[in-house]
Amino acid sequence: LDAATINNVDAISVLVCGYLVGSHLYPALAKRNIRIPTSHKFAWGSLCGVLAMGCALLTEYKIHTTYAETGEEISVLWQTMSYVWIGSGEIFCISAAYEVAFTISRHDQKAFASATNLFFVGGLPNVLCIFLYRTCSDWFHTSKGGTSIQSISDYADSRVYLYFFLLFLIALFGTLLNLMP
(Lines give C-alpha, C1' and ligand atoms only; values in the text may rest on other atoms or scores of the structure.)
Protein backbone atom coordinates (compact mmCIF):
# COMPACT_ATOMS: atom_id res chain seq x y z
CA LEU A 1 0.00 0.00 0.00
CA ASP A 2 1.10 3.54 -0.66
CA ALA A 3 0.14 6.73 1.16
CA ALA A 4 -2.31 7.79 -1.56
CA THR A 5 -4.24 4.52 -1.24
CA ILE A 6 -4.58 4.95 2.52
CA ASN A 7 -6.68 8.09 1.85
CA ASN A 8 -9.50 5.73 0.89
CA VAL A 9 -9.79 4.75 4.55
CA ASP A 10 -11.38 8.18 5.16
CA ALA A 11 -14.09 7.56 2.55
CA ILE A 12 -14.74 4.05 3.86
CA SER A 13 -14.94 5.39 7.41
CA VAL A 14 -17.46 8.03 6.33
CA LEU A 15 -19.62 5.38 4.66
CA VAL A 16 -19.47 2.90 7.54
CA CYS A 17 -19.83 5.49 10.31
CA GLY A 18 -22.56 7.33 8.40
CA TYR A 19 -24.52 4.10 8.05
CA LEU A 20 -24.08 3.15 11.72
CA VAL A 21 -24.94 6.61 13.04
CA GLY A 22 -27.87 7.16 10.66
CA SER A 23 -29.32 3.66 10.83
CA HIS A 24 -28.61 2.68 14.42
CA LEU A 25 -27.47 5.48 16.77
CA TYR A 26 -29.91 8.25 15.85
CA PRO A 27 -32.96 5.91 15.60
CA ALA A 28 -32.07 4.33 18.97
CA LEU A 29 -31.83 7.77 20.54
CA ALA A 30 -35.09 8.88 18.86
CA LYS A 31 -36.92 5.87 20.36
CA ARG A 32 -35.87 7.14 23.78
CA ASN A 33 -36.83 10.75 22.91
CA ILE A 34 -33.18 11.80 23.14
CA ARG A 35 -32.02 14.54 20.80
CA ILE A 36 -28.34 15.40 20.66
CA PRO A 37 -27.88 19.18 20.65
CA THR A 38 -26.16 20.47 17.53
CA SER A 39 -23.24 21.85 19.54
CA HIS A 40 -22.69 18.38 21.01
CA LYS A 41 -22.59 16.90 17.50
CA PHE A 42 -19.83 19.39 16.73
CA ALA A 43 -18.14 18.38 19.99
CA TRP A 44 -18.31 14.67 19.03
CA GLY A 45 -16.85 15.48 15.62
CA SER A 46 -14.09 17.55 17.19
CA LEU A 47 -13.39 14.79 19.71
CA CYS A 48 -12.91 12.42 16.78
CA GLY A 49 -10.38 14.99 15.49
CA VAL A 50 -8.61 14.88 18.85
CA LEU A 51 -8.43 11.09 18.62
CA ALA A 52 -7.19 11.32 15.02
CA MET A 53 -4.40 13.69 16.00
CA GLY A 54 -3.57 11.47 18.99
CA CYS A 55 -3.18 8.55 16.59
CA ALA A 56 -1.09 10.75 14.28
CA LEU A 57 1.17 11.67 17.18
CA LEU A 58 1.55 7.99 18.07
CA THR A 59 2.44 7.28 14.44
CA GLU A 60 4.95 10.14 14.50
CA TYR A 61 6.56 8.68 17.60
CA LYS A 62 6.75 5.26 15.94
CA ILE A 63 8.28 6.75 12.77
CA HIS A 64 10.98 8.59 14.71
CA THR A 65 11.83 5.79 17.13
CA THR A 66 11.92 3.10 14.43
CA TYR A 67 14.12 5.24 12.21
CA ALA A 68 16.44 6.11 15.12
CA GLU A 69 16.76 2.45 16.13
CA THR A 70 16.92 0.67 12.78
CA GLY A 71 16.93 3.30 10.01
CA GLU A 72 13.80 1.68 8.59
CA GLU A 73 10.36 2.95 7.68
CA ILE A 74 7.14 1.81 9.34
CA SER A 75 4.08 0.49 7.55
CA VAL A 76 1.71 3.05 6.07
CA LEU A 77 -1.06 1.16 7.87
CA TRP A 78 -0.06 3.02 11.03
CA GLN A 79 -2.02 5.96 9.56
CA THR A 80 -5.24 3.96 9.30
CA MET A 81 -6.76 4.91 12.66
CA SER A 82 -6.18 8.62 12.06
CA TYR A 83 -8.21 8.36 8.87
CA VAL A 84 -10.91 6.30 10.59
CA TRP A 85 -11.34 8.95 13.29
CA ILE A 86 -11.34 11.81 10.76
CA GLY A 87 -14.03 10.06 8.71
CA SER A 88 -16.10 9.44 11.83
CA GLY A 89 -15.77 13.07 12.89
CA GLU A 90 -16.92 14.26 9.49
CA ILE A 91 -20.23 12.46 10.01
CA PHE A 92 -20.98 14.52 13.09
CA CYS A 93 -19.50 17.90 12.09
CA ILE A 94 -20.57 18.16 8.47
CA SER A 95 -24.10 16.87 9.08
CA ALA A 96 -24.43 19.28 12.03
CA ALA A 97 -23.24 22.15 9.83
CA TYR A 98 -25.91 21.35 7.23
CA GLU A 99 -28.48 20.99 10.00
CA VAL A 100 -27.68 24.49 11.22
CA ALA A 101 -27.65 25.94 7.71
CA PHE A 102 -31.05 24.53 6.80
CA THR A 103 -32.73 24.94 10.18
CA ILE A 104 -32.04 28.63 10.66
CA SER A 105 -32.49 29.78 7.07
CA ARG A 106 -35.78 30.82 5.53
CA HIS A 107 -37.15 28.71 2.68
CA ASP A 108 -36.06 31.23 0.05
CA GLN A 109 -32.54 31.37 1.54
CA LYS A 110 -31.73 27.63 1.49
CA ALA A 111 -29.36 27.92 -1.49
CA PHE A 112 -27.50 30.80 0.14
CA ALA A 113 -27.34 28.87 3.43
CA SER A 114 -25.94 25.86 1.59
CA ALA A 115 -23.31 28.01 -0.14
CA THR A 116 -22.36 29.66 3.16
CA ASN A 117 -22.09 26.26 4.78
CA LEU A 118 -19.82 25.01 1.98
CA PHE A 119 -17.60 28.05 2.51
CA PHE A 120 -17.32 27.41 6.26
CA VAL A 121 -16.87 23.64 5.88
CA GLY A 122 -14.64 23.55 2.81
CA GLY A 123 -13.22 26.97 1.97
CA LEU A 124 -12.34 28.64 5.24
CA PRO A 125 -10.64 25.57 6.75
CA ASN A 126 -8.36 25.36 3.70
CA VAL A 127 -7.37 29.01 4.12
CA LEU A 128 -6.69 28.36 7.82
CA CYS A 129 -4.59 25.30 6.93
CA ILE A 130 -2.49 27.36 4.53
CA PHE A 131 -2.03 30.01 7.21
CA LEU A 132 -1.07 27.39 9.82
CA TYR A 133 1.30 25.65 7.41
CA ARG A 134 3.07 28.90 6.57
CA THR A 135 3.17 30.02 10.20
CA CYS A 136 4.61 26.67 11.28
CA SER A 137 6.85 26.16 8.25
CA ASP A 138 10.01 25.93 10.39
CA TRP A 139 8.66 22.65 11.75
CA PHE A 140 8.77 21.16 8.26
CA HIS A 141 12.44 21.97 7.63
CA THR A 142 14.88 19.12 7.29
CA SER A 143 18.52 19.16 8.35
CA LYS A 144 19.28 20.24 4.76
CA GLY A 145 17.35 23.45 5.39
CA GLY A 146 14.50 22.88 2.94
CA THR A 147 10.95 21.70 3.35
CA SER A 148 11.09 19.08 0.61
CA ILE A 149 10.65 15.76 2.35
CA GLN A 150 11.71 13.08 -0.11
CA SER A 151 12.96 10.32 2.16
CA ILE A 152 12.51 8.85 5.62
CA SER A 153 15.71 10.55 6.76
CA ASP A 154 14.32 13.94 5.67
CA TYR A 155 11.09 13.22 7.52
CA ALA A 156 12.92 12.08 10.64
CA ASP A 157 14.85 15.37 10.61
CA SER A 158 11.68 17.46 10.50
CA ARG A 159 9.48 18.33 13.44
CA VAL A 160 6.10 17.57 11.86
CA TYR A 161 4.95 16.17 15.21
CA LEU A 162 4.75 19.76 16.50
CA TYR A 163 2.21 20.54 13.75
CA PHE A 164 0.15 17.49 14.70
CA PHE A 165 0.31 18.55 18.35
CA LEU A 166 -0.97 22.01 17.40
CA LEU A 167 -3.84 20.40 15.47
CA PHE A 168 -4.51 18.21 18.51
CA LEU A 169 -4.82 21.32 20.70
CA ILE A 170 -7.07 23.08 18.18
CA ALA A 171 -9.40 20.06 18.02
CA LEU A 172 -9.41 19.80 21.82
CA PHE A 173 -10.31 23.50 22.05
CA GLY A 174 -13.15 22.92 19.54
CA THR A 175 -14.44 20.00 21.58
CA LEU A 176 -14.46 21.97 24.83
CA LEU A 177 -15.91 25.09 23.18
CA ASN A 178 -18.85 23.12 21.79
CA LEU A 179 -19.57 21.55 25.19
CA MET A 180 -19.97 24.93 26.85
CA PRO A 181 -23.56 25.80 27.78
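The values are calculated or read from the model by the stated rules, or taken from the named source; none is laboratory data. Just so you know, these numbers come straight off a predicted model, no measurement behind them. Backbone-built Cβ (ideal geometry, glycine too); neighbour counts: all protein chains shown. Ligands, DNA and RNA are stripped out before the accessible areas are found, and what is left, the full protein with its side chains, is counted by its heavy atoms. Shrake-Rupley method; radii C 1.70, N 1.55, O 1.52, S 1.80 Å.
Structure above, values below:
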{"item": "Hull-based mean projected area of region 1-105, where the convex hull spans the alpha carbons, in square nanometres", "result": "7.9"}
{"item": "Cα pair distances exceeding 23 angstrom across the chain, given as percent", "result": "51"}
{"item": "Cα convex hull of region 76-151, projected area averaged across orientations, nm²", "result": "7.1"}
{"item": "Label-to-label distance, nm, for residues given as Glu99 and Ala111 (7 Å Cα→Cβ offset)", "result": "2.7"}
{"item": "Ellipticity estimate at 222 nm from DSSP helix runs (n ≥ 4, -39,500 (n - 2.57)) divided over the chain, nearest 500", "result": "-23000 deg cm²/dmol"}
{"item": "Theoretical gain in end-to-end length, His141 to Phe120 [0.36 nm per residue, Cα-Cα removed]", "result": "4.5 nm"}
{"item": "Rounded to 10°, Cα long-axis angle of helix 160-179 versus longest principal axis of the chain", "result": "20"}
{"item": "Sites excluded, GluC sites (Glu not before Pro) in DSSP loops with at most 16 other C-beta within 10 Å, longest stretch of the chain", "result": "74-181"}
{"item": "Cleavage-rule hits (trypsin sites (Lys or Arg not before Pro)) in region 83-180: DSSP loop, at most 12 neighbouring Cβ within 10 angstrom", "result": "Arg106, Lys144"}
{"item": "Fully extended contour minus Cα-Cα distance, from Leu169 to Gln150, at 0.36 nm per residue", "result": "4.1 nm"}
{"item": "Percent carbon-and-sulfur accessible area, the chain, ignoring ligands, DNA and RNA, probe 1.4 Å", "result": "68"}
{"item": "Share of Cα-Cα pairs in region 44-99 lying beyond 15 Å, as whole percent", "result": "52"}
{"item": "Estimated dipole of the chain in Debye, rounded to 20 [Cβ of Lys and Arg +1, of Asp and Glu -1, Cα centre]", "result": "900"}
